[in-house]
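Colleague: My structure is below; once you've seen it, I'll send some questions.
The values are calculated or read from the model by the stated rules, or taken from the named source; none is laboratory data. Remember, predicted model here, so these are calculated numbers, not experimental data. Glycine gets a Cβ as well: all are built from the backbone with ideal geometry, and neighbour counts include every protein chain shown. Remember, those area values only see protein heavy atoms, side chains included, never the ligands or the DNA or RNA. Shrake-Rupley method; radii C 1.70, N 1.55, O 1.52, S 1.80 Å.
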Amino acid sequence: MHNPDEKTQPPSPPTLRIKAIQSLLIEKGLLDPAAVDEIIDIFEHRLGPKNGAAVIAKAWTDPAFHQHLLEDATSAIHSMGFTGLEGAHLYVAENTPEVHNLVVCTLCSCYPWPVLGLPPTWFKAPQYRSRAVIDPRSVLEEFGVHVPDDKEIRVWDSNAEIRYIVMPERPAGSEGMSEAELAQLITRDSMIGTALLAPVTGESA
Ligand code: FE
């Protein structure tokens, strides 16, 4: 929507407040403007579920990396260059025909930033945080994920020390695909455990 006043109106109060605080910190020599640019660049370009998808696709195609990832996700993920904020200790929970994994942070919103980016709003909602542990099967149904009664659901409660990522099951029909092609299939929600990956059909393979 075009706002004819946008050139003449001051920015919103929160924006103004942030600009004022940043100017003051820089003026007092407490903040390096390059550091602010660096942090913004990290959030805009370097964090996100594309990183997690690259990790999972590598694990599907490289048995040694797969084993490394399950045994020591932190070091395996760091070896791909995905490090930093909120990613010091990571654990990968692998979905199998017998087990479906689901990640939550019951306390707040702990999330593996380097591989998944910032958490979606629903991940931070009190309803998700409480119900995911009490009744995960119903919560998953609401996300459109039906887990049969004879399949176990494991719920992983994130915290400040350790962050979890789900390794979704590799979809049927993806057998001939390359690591890069596989990475395109892997969604953010499948790595939280609130989605499954669709089988690959002839046309899209
Ligand atoms: Fe948290």
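Colleague: Looking only at region 1-16, filter to residues that are at pLDDT 75 or above and exposed (fewer than 10 other Cβ atoms within 10 Å of the Cβ); which one of those is farthest from the chain's Cα centre (by Cα)?
Modeller: Start the filter on region 1-16 by keeping residues that are at pLDDT 75 or above, which leaves 8-16.
Then drop every residue that is not exposed (fewer than 10 other Cβ atoms within 10 Å of the Cβ), which leaves 8-10, 12-14.
Working: THR8: 39, GLN9: 37, PRO10: 35, SER12: 30, PRO13: 31, PRO14: 27 Å.
Selected residue: THR8.
Colleague: Additional query: If you go through region 183-194 one residue at a time, how many are open to solvent by 20 Å² or more (accessible area, probe 1.4 Å) and outside any helix (DSSP H, G or I)?
Modeller: Matching residues across region 183-194 total 1.
Colleague: While we're on this one: Just to confirm my filter: which helices (runs of 4 or more DSSP H) fall fully inside region 63-182 and include at least 3 residues that are open to solvent by less than 10 Å² (accessible area, probe 1.4 Å) and either at pLDDT 95 or above or among the β-branched types (Val, Ile, Thr) (or both)?
Modeller: Once the helices (runs of 4 or more DSSP H) in region 63-182 are filtered for at least 3 residues that are open to solvent by less than 10 Å² (accessible area, probe 1.4 Å) and either at pLDDT 95 or above or among the β-branched types (Val, Ile, Thr) (or both), what remains is 73-79.
Colleague: Looking at region 185-199, I want the residues that are under 15 Å from TYR164 (Cα atoms) and have a partner that is in a loop (DSSP other than H, G, I, E, B) and at pLDDT 95 or above with Cβ atoms under 6 Å, at least 6 apart or on another chain. Which pairs are those?
Modeller: Here the result reads ASP189/ALA195; SER190/PRO168; SER190/LEU197; THR194/PHE143, each pair linking region 185-199 to a residue that is in a loop (DSSP other than H, G, I, E, B) and at pLDDT 95 or above.
Colleague: Being open to solvent by 80 Å² or more (accessible area, probe 1.4 Å), farther than 15 Å from LEU116 by Cβ, aliphatic (A, V, I, L, M) and without any contact (Cβ under 8 Å) to a residue 12 or more places away in the chain: is that true of ILE21 here?
Modeller: yes
Colleague: Now, a different point. Give me a count of the residues in region 143-160 that are away from the ligand (no atom under 16 Å from the Cβ) and closer than 29 Å to GLY87 by Cβ. I'd like the intermediate steps shown before the answer.
Modeller: Within region 143-160, the subset away from the ligand (no atom under 16 Å from the Cβ) is 143-154.
Within this subset, residues satisfying the condition of being closer than 29 Å to GLY87 by Cβ are 143-145, 147, 152-154.
The total comes to 7.
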